[in-house]
Amino acid sequence: MNIKIIADSGCDLPLSFIQEKQIAFLPLTVHINDHDYDDQLTIQPKQVYEAMRKGDVPKTSQAKPSEMKELFTTLAQENIPAIYIAFSSALSGTYQTAVMMKNEVLEQYPHAKLTVIDSKCASLGLGLVVKKAVELAESGMPYEHVVTTIETYCRHMEHIFTVDDLQYLARGGRVSKTAAFVGGVLNIKPLLHVEDGKLIPIEKVRGRKKVLKRMVELMQQRGADVENQLIGISHGDDEQTALELKAMIEETFGCKQFFISEIGGAIGAHAGPGTIALFFLNKQLEQ
């Protein structure tokens, strides 16, 4: 590729894919029991979910500024054009830090070609955008065209997800403890989406089967040409439910292209095991 694509672990792409496509990778940090881990590198998602099931409360922090600056500096020195597609600025400080590091590097290397995009996406929604960026870079598309195309993809990426247990969101302060308790007793599953980079509740659905059905209905309402899209599904250590949702989408729309991955530690630390997320475009774009 004549362009280096950079992603952080908020994209929830498998490490094998990142390595295969030679994507420059910036891990977010997961803190568990006074230890710091690099998401996807020194701790795996299943370890985070196991810790949560045992009652541990993981915390997370943004990608390390020193690693960003080192990467940006190396690319500038080697005169390699680069695009960093960052985890939503509404969910992490990683984007803002990346802009600061970029500006510091540009002071020293003013001719460096480095763009930092606030994706306003998360999990595999961000992952699908990163994947598209790699395809565009591999095709030899001009740098500025890759940037504008990716910005368009970011704006039109739908995120619809549900969590299995509200207690995990309550521990992280995302919902009240009372709401989590009542939700658990009544088997209420919240349905959320991402709007302008923020997590926004849509509605509450009672029961796991009904919430999956509702996700498919929302896909029907919001999606464009979904049968010809690559559909993303990510899960918190619950591949069986992810495959169940995939089968429902296949049956409803006849979709043939899917990308299924596990939610990484940085996002899973807040959403918890059993989270299921669905990603697709709400506008017909060049594939």
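What's the total number of residues in segment 4-36 that are charged (D, E, K, R) and touching a Ser or Thr at 6+ places or on another chain (Cβ under 9 Å)?
Total satisfying the criteria: 3.
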Can you name the residue in segment 59-101 that is out of contact with any helix residue (DSSP H, G or I) (no Cβ under 6 Å at 6 or more places or on another chain) and basic (Lys, Arg) and, of all such residues, is modelled with the highest pLDDT?
LYS64
Enumeration of residues in segment 168-203 that are open to solvent by 60 Å² or more (accessible area, probe 1.4 Å), among the basic types (Lys, Arg) and at pLDDT below 85:
ARG171, ARG174, LYS177
Could you grab me the full set of residues in segment 215-256 that are of a type in the set (S, T, N, Q), under 11 Å from PHE280 (Cα atoms) and either open to solvent by 40 Å² or more (accessible area, probe 1.4 Å) or in contact with a Pro (Cβ under 9 Å, 6 or more places away or on another chain) (or both)?
GLN220, ASN228
Criterion first (more than 28 Å from ILE85 (Cα to Cα) and surrounded by 19 or more Cβ atoms within 10 Å (Cβ to Cβ)) does LEU212 satisfy it?
yes
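Hey, any hits in segment 269-278 for a residue that's over 16 Å from LEU191 (Cα atoms), in contact with a His (Cβ under 7 Å, 6 or more places away or on another chain) and crowded, with 21+ Cβ neighbours inside 10 Å?
Step one: filter segment 269-278 for residues over 16 Å from LEU191 (Cα atoms), giving 269.
Keeping just the survivors that are in contact with a His (Cβ under 7 Å, 6 or more places away or on another chain) gives none.
No; the residues of segment 269-278 include none that is over 16 Å from LEU191 (Cα atoms), in contact with a His (Cβ under 7 Å, 6 or more places away or on another chain) and crowded, with 21+ Cβ neighbours inside 10 Å.
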Scan of segment 117-165 for residues that are β-branched (Val, Ile, Thr) and either in contact (Cβ under 8 Å) with a residue 40 or more places away in the chain or open to solvent by less than 20 Å² (accessible area, probe 1.4 Å) (or both), ordered by number:
ILE117, VAL129, VAL130, VAL134, VAL146, VAL147, THR149, ILE150, THR152, ILE160, THR162, VAL163
Over segment 89-106, the set of residues out of contact with any Lys or Arg (no Cβ under 8 Å at 6 or more places or on another chain) and more than 14 Å from THR74 (Cα to Cα) is SER92, GLY93, THR94, TYR95, GLN96, THR97, ALA98, VAL99, MET100, ASN103
Quickly run through segment 24-36 and pick out the residues that are on the phi < 0 side of the Ramachandran plot and surrounded by fewer than 21 Cβ atoms within 10 Å (Cβ to Cβ).
ALA24, THR29, HIS31, ILE32, HIS35, ASP36
Restricting segment 27-71 to residues that are small (Gly, Ala, Ser) and touching a residue at least 12 places away in the same chain (Cβ under 8 Å), which is farthest from TYR109 (Cα to Cα)?
ALA51
Residues that are more than 25 Å from LYS198 (Cβ to Cβ), of a type in the set (Lys, Arg) and outside any helix (DSSP H, G or I), drawn from segment 235-287
LYS256
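Across segment 2-23, which residue is farthest from GLN47 (Cα to Cα) among those that are surrounded by 18 or more Cβ atoms within 10 Å (Cβ to Cβ) and hydrophobic (A, V, I, L, M, F, W, C)? Before the answer, list the steps.
At the first step, the residues of segment 2-23 found to be surrounded by 18 or more Cβ atoms within 10 Å (Cβ to Cβ) are 3-13, 18, 21, 23.
Pick out the ones that are also hydrophobic (A, V, I, L, M, F, W, C) and you get 3, 5-7, 11, 13, 18, 23.
Details: ILE3: 34, ILE5: 28, ILE6: 25, ALA7: 22, CYS11: 18, LEU13: 17, ILE18: 20, ILE23: 24 Å.
For segment 2-23, the residue satisfying everything is ILE3.
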Residues of segment 38-54 being surrounded by fewer than 21 Cβ atoms within 10 Å (Cβ to Cβ) and either among the hydroxyl-bearing types (Ser, Thr, Tyr) or in contact with a Phe, Trp or Tyr (Cβ under 7 Å, 6 or more places away or on another chain) (or both), which ones?
THR42
Among the numbered criteria (1) open to solvent by less than 50 Å² (accessible area, probe 1.4 Å); (2) out of contact with any strand residue (DSSP E or B) (no Cβ under 9 Å at 6 or more places or on another chain); (3) in contact (Cβ under 8 Å) with a residue 24 or more places away in the chain, which one does GLU104 miss?
(1)
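The values are calculated or read from the model by the stated rules, or taken from the named source; none is laboratory data. Since we're looking at a predicted model, the values are computed, not measured. Note that we place each Cβ from the backbone using ideal geometry, even for glycine, and neighbour counts take in every protein chain shown. Each accessible area value is taken on the protein alone, full model and side chains, heavy atoms only, with ligands, DNA and RNA left out. Shrake-Rupley method; radii C 1.70, N 1.55, O 1.52, S 1.80 Å.
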